[in-house]
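Down below is the structure, laid out as structure tokens.
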Amino acid sequence: MALLDYFKPVVSMTAEEAREFMKGKNPDDYNLIDVRQPAEYELKHLAGAKLIPVGELQNHLNEVDKARPTITY
Amino acid sequence: MRSRAAASILSDAGFTNIASMQGGIRAWEGLVAAGPPEAGMAFFGDAAKPDELAVFAWMLEEGSRQFYMRLDDYLKDEEARQLFQSLAKAEESHEKTLAELYKSFSGGSAIGDKPMTEKGEFMEGGVRVDESLLWARDKDVTAILEYAISLEANAYDLYIKMGRRFEGDAQKVFSLLGDEEKKHLERLAGLLEKKV
């Protein structure tokens, strides 16, 4: 299945849906991961977002709680 | 697309409840981003054999190589041009590695003997070369670097997944290619960091 997974549709959320989802929740109830580069993060980022550039994600998986819903951007 | 690649990596690592935010931070602010063409087609069923995977990867490498080469016509930034030319060379060397792998799997036949209608049409990330070039035509260097980062992240993800399917030499080859894609990712990210 791994190869098919490569092309599997990743579940996506519009920004509006993400905003709705986060509203009223404690930032520690979910993972919000910013996968861009540090310079981009510095310019602007969403409140509470954890910065893990996509290239480093594989090495930082233990820093993210699997049990929580996760949003990447 | 970077966020989709990230979601796919997380899903592979056993995360079950993940969503990628469409349009990223630009969408969040109410602006519409001019996104690159989307990936989304399947090439193989479940029963892909090692030699088929080698051909598949070879084909994507060839597509990426052509994309990187042809970007030269659109880019004015000298550093970016040099990086993309060097990545094109790297993809060429990946093709050689995959051709050798194919040879060992197929009992000696050359990868060039295999009829490939898609050769050079698709690239890493599963997107079409011509669509990507069309998209890249009026983009600035940071948008193109971001796009290339997402392609390389997909390639990295793909080789990790391919490596997991096998043992021995095939496993080694795919994990080596994965490491190289990761280095490409870092080089592109480094340049993006500088150009933002």
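The values are calculated or read from the model by the stated rules, or taken from the named source; none is laboratory data. Keep in mind that this is a model prediction, so the values were computed, not measured. Cβ atoms come from the backbone with ideal geometry, glycine included; neighbour counts cover every protein chain shown. Each accessible area value is taken on the protein alone, full model and side chains, heavy atoms only, with ligands, DNA and RNA left out. Shrake-Rupley method; radii C 1.70, N 1.55, O 1.52, S 1.80 Å.
Quick rundown of the values:
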| quantity | calculated |
| --- | --- |
| Restricting the range B:120-150 to residues that are assigned to a helix (DSSP H, G or I) and within 11 Å of chain A (Cβ to nearest Cβ), the residue that is surrounded by the fewest Cβ atoms within 10 Å (Cβ to Cβ) | B:Thr142 |
| Pairs where the first residue, in the range B:74-99, is in the same structural domain as B:Gly163 (by TED's automatic domain parsing) and the second is surrounded by 15 or more Cβ atoms within 10 Å (Cβ to Cβ) and among the polar types (S, T, N, Q), C-beta under 7 Å, 6+ apart | B:Glu91/B:Ser64 |
| Number of the condition not met by B:Ser106 [criteria: (1) away from chain A (no Cβ under 14 Å); (2) open to solvent by 40 Å² or more (accessible area, probe 1.4 Å); (3) of a type outside the set (Phe, Trp, Tyr)] | (2) |
| Filtered residues of the range A:19-48 (kept if closer than 16 Å to B:Ala27 by Cα, at the interface with chain B (Cβ under 9 Å from one of its Cβ atoms), modelled with pLDDT under 90 and open to solvent by less than 50 Å² (accessible area, probe 1.4 Å)) | A:Glu40, A:Leu46 |
